[in-house]
Amino acid sequence: MKILGISASHQEHGLNAQMLDQVLENVDSDVETETIYLENYDITPHKYHEKNPVLDDLTQKLSESDVWVFAAPTYWRELTGVLKNFFDCMRPKFVYFKENGDTIPGQFKNKHYLSITSCYVSPLENFLTGVTDESFKTIDRVMTAAGVIKVGEIVLPGTFGMKEIPYNKKKLCQKYAKKISVKKRKDDSTVKRYIQLFFMIAVMALITMGIQIPLRPWVSGNFWLNYISFTVIFFVLLACILHFVTFVKHRRR
């Protein structure tokens with residue numbers, strides 16, 4: 001098994017690099033690791049009918065690895081241009097284009113990835129406003145299109161003036177190091193997801209029935225009014241939860 005660290009910081013030995021090192025240095029002894037520093041590569045878009053040795057080299061490294069660990073700071077609520085440029089230029093490698101312009105996962109389907117980012121804002125501000133959310137969303141969006149499976153996120157807020165990552169973040173990096181040291185099958189979490197789905201639906205149905213209680217004077221005795229009100233309330237709750245899980249729920253502390 002091999003884990004590839006992808007450093008997309010402007011500082012080769014900064015805080016994000018320290019977190020990446022903590023992850024890679026604490027994986028199991030039988031796991032091979034490698035780190036690439038994207039600023040050392042002249043990454044340019046692939047031109048039609050022309051070879052691109054840099055992208056071919058990066059593609060080879062990605063192909064040889066089972067888990068990718070992305071480490072990049074958050075600037076202006078977004079990823080660094082280094083990692084964004086990497087994603088943009090690697091797009092033909094990540095996905096296949098169909099005749100109608102749609103994309104399907106490419107050659108990296110079913111690999112796994114871990115995301116690491118940091119930001120200047122305080123832990124409280126990041127928790128309340130989600131400054132680092134867009135960085136994680138961008139990585140997730142690209143990896144989802146490529147069919148790569150998410151392992152987790154590590155975020156370090158309040159980095160202004162910080163020289164060394166705090167102890168609790170080191171422990172979190174070490175925890176994820178052990179987690180990504182085990183090769184997972186695609187369906188490892190299937191049972192867990194079904195259990196979570198069952199409890200989510202059960203709780204939403206209970207809340208919906210509770211909300212319907214004040215509506216009883218208007219819907220009681222009328223099957224269709226009762227059915228329509230239940231469906232609308234349930235749908236709104238489901239939409240809110242799915243939005244939260246899909247777009248909002250990111251590690252912020």
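The values are calculated or read from the model by the stated rules, or taken from the named source; none is laboratory data. Keep in mind that what you see is a predicted model, and the values were worked out from it rather than measured. Here the Cβ is made from the backbone with ideal geometry for all residues, glycine too, and neighbour counts use every protein chain on show. Remember, those area values only see protein heavy atoms, side chains included, never the ligands or the DNA or RNA. Shrake-Rupley method; radii C 1.70, N 1.55, O 1.52, S 1.80 Å.
General observations
- Legend: distances between Cα atoms for 170/249; 109/178; 61/137; 109/170; pairs beyond 26 Å are 109/170.
- The stretch 105-187 - convex hull of the alpha-carbon atoms, volume per residue in Å³: 110
- Protein-only accessible surface order, largest first, of 223, 230 at 1.4 Å: 223, 230
- A simple spin-label model places the labels of residue 63 and residue 244 4.4 nm from each other, with each point 7 Å out along Cα-to-Cβ.
- Couplings 3J(HN,Hα) of the stretch 104-121, computed from phi: 10, x, x, 6, 9, 4, 6, 6, 10, 8, 10, 10, 10, 8, 9, 7, 6, 5 Hz, in residue order, whole Hz [Karplus 6.51 cos²θ - 1.76 cosθ + 1.60, θ = phi - 60°; x for Gly and Pro].
- Helical runs assigned H by DSSP (4 residues or longer) give the chain a calculated mean residue ellipticity at 222 nm of -14500 deg cm²/dmol, each run adding -39500 (n - 2.57) before division by the residue total.
- Taking 7 Å steps out from each Cα toward its Cβ at residue 231 and residue 77 produces label points 3.7 nm apart.
- The string of couplings for the stretch 168-177 from the Karplus curve (6.51, -1.76, 1.60, θ = phi - 60°) is 5, 6, 4, 5, 5, 4, 5, 4, 5, 4 Hz, one whole number per residue in order, with x for Gly and Pro.
- Anisotropy class of the stretch 13-63 from Cα gyration tensor, a/c 1.5 cut: oblate
- Probe 1.4 Å, accessible area per residue of the stretch 1-132, Å²: 52
- Note on residue 199 and residue 29: the model spin-label points, each 7 Å out from Cα along the C-beta direction, lie 3.7 nm apart.
- Given [x] 20.0, 65; [y] 20.3, 69; [z] 21.9, 72, the label whose value is Rg and Dmax of the Cα atoms in Å derived from this model: [z]
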